[in-house]
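Structure first, commentary second.
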Amino acid sequence: MITNKTEYKDYLLLDKKALGIEDENILRQIFAPNYIWQFQKRLRKVEYYKNCRYNSIFGKIAFSYHKLRLRKQSLKLGFSIPENVFGAGLAIVHYGTIVINSNAKIGVNCRIHACTNIGASGGKPEAPQIGDNVYIGPGAKIYGNIKIGNNIAISANAVVNKSFEEDGILLAGNPAEKIKKIDIKRIIKHI
């Protein structure tokens with residue numbers, strides 16, 4: 001969670017690295033904008049104003065403005081991602097539906113694909129707590145009061161509804177099962 005301006009800048013740098021963005025050319029931003037990067041920058045700005053500047057009038061106004069812009073971008077891209085859920089190094093790979101519960105917590109260096117749901121189960125408020133360096137494949141469904149360890153890959157269309165706290169494994173299937181041990185650095189290249 002962003003708690004000061006230095007952390008805000010660090011989050012942006014790590015997100016940029018995770019997305020593989022090397023430079024932000026002005027002409028490229030005008031003629032071929034990266035809408036996912038724009039969304040992630042706005043998400044981090046909303047988190048910054050909510051966590052660090054909300055106690056001032058200017059901070060409340062800036063938060064409200066950026067929150068409204070974030071909502072518009074969310075609708076355009078199909079993302080339903082609340083603030084203060086993802087750690088630094090977030091990489092949203094494609095446009096498409098991504099729905100995340102506001103009670104979920106996901107660590108640093110998460111790489112997430114389209115058609116993914118991370119949420120609560122059975123009307124309960126508890127949502128998944130996911131560790132660092134996690135790859136979430138397209139169509140994955142992760143729900144319930146569960147914990148997922150570090151350095152884990154969740155395959156496409158996996159349904160994860162129980163905890164997997166062992167580090168460095170691949171999860172697949174419906175319901176998800178441990179398939180094998182993996183080296184997450186082969187999947188998430190920037191870590």
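The values are calculated or read from the model by the stated rules, or taken from the named source; none is laboratory data. These figures come from a predicted structure and were not determined experimentally. Cβ sites come from the backbone with ideal geometry, for glycine too, and all protein chains shown count toward neighbours. Each accessible area value is taken on the protein alone, full model and side chains, heavy atoms only, with ligands, DNA and RNA left out. Shrake-Rupley method; radii C 1.70, N 1.55, O 1.52, S 1.80 Å.
Applying the selection to region 38-51, what residues are surrounded by fewer than 18 Cβ atoms within 10 Å (Cβ to Cβ) and among the hydrophobic types (A, V, I, L, M, F, W, C)?
Residues satisfying the conditions do not exist here.
Give me the pairs, please: first residue somewhere in region 146-171 and at positive phi, second residue anywhere and open to solvent by 40 Å² or more (accessible area, probe 1.4 Å) and among the polar types (S, T, N, Q), beta-carbon distance under 9 Å, and either six or more positions apart or on two chains.
Note: pairs meeting the criteria are Asn157/Asn174; Gly168/Asn150; Gly168/Asn151.
Mind checking which helices (runs of 4 or more DSSP H) fall wholly inside region 4-123 and carry at least 1 residues that are touching a Phe, Trp or Tyr at 6+ places or on another chain (Cβ under 6 Å) and aromatic (Phe, Trp, Tyr)?
Filter on region 4-123 gives 5-19, 35-52, 57-77.
Can you say whether Lys162 is of a type in the set (D, E, K, R), farther than 25 Å from Ala18 by Cα and surrounded by fewer than 18 Cβ atoms within 10 Å (Cβ to Cβ), as far as the supplied structure shows?
Against the criterion (of a type in the set (D, E, K, R), farther than 25 Å from Ala18 by Cα and surrounded by fewer than 18 Cβ atoms within 10 Å (Cβ to Cβ)), Lys162 qualifies.
For region 172-191, enumerate the residues that are open to solvent by less than 60 Å² (accessible area, probe 1.4 Å), free of Cβ contacts under 8 Å to residues at least 60 places away in the same chain and either within 13 Å of Val159 (Cα to Cα) or touching a Cys at 6+ places or on another chain (Cβ under 9 Å) (or both).
Ala172, Gly173, Ala176
Scan region 80-105 and report the pairs whose first residue is open to solvent by 20 Å² or more (accessible area, probe 1.4 Å) and whose second residue is among the small types (Gly, Ala, Ser) and in a strand (DSSP E or B), with Cβ atoms within less than 9 Å and a gap of 6+ or a chain change.
Listed pairs, sorted by first residue: Thr97/Ser80; Val99/Ser80; Val99/Gly119; Asn101/Gly119; Asn103/Gly119.
Among the candidates Asn4, Asn55, Asn25, which residue alone is in contact with a helix residue (DSSP H, G or I) (Cβ under 8 Å, 6 or more places away or on another chain) and open to solvent by 60 Å² or more (accessible area, probe 1.4 Å)?
Asn4
Among (1) within 29 Å of Tyr35 (Cβ to Cβ); (2) touching a Ser or Thr at 6+ places or on another chain (Cβ under 8 Å); (3) open to solvent by less than 10 Å² (accessible area, probe 1.4 Å); (4) of a type in the set (A, V, I, L, M, F, W, C), where does Cys115 come up short?
Condition (3) is where Cys115 drops out.
Six or more apart or on different chains, Cβ under 7 Å: which pairs go from a residue in region 25-39 that's free of Cβ contacts under 8 Å to residues at least 40 places away in the same chain to one that's open to solvent by less than 70 Å² (accessible area, probe 1.4 Å)? Could you list them?
If the second residue must be open to solvent by less than 70 Å² (accessible area, probe 1.4 Å), the pairs left are Asn34/Ile21; Trp37/Leu19; Trp37/Ile21; Gln38/Gln73.
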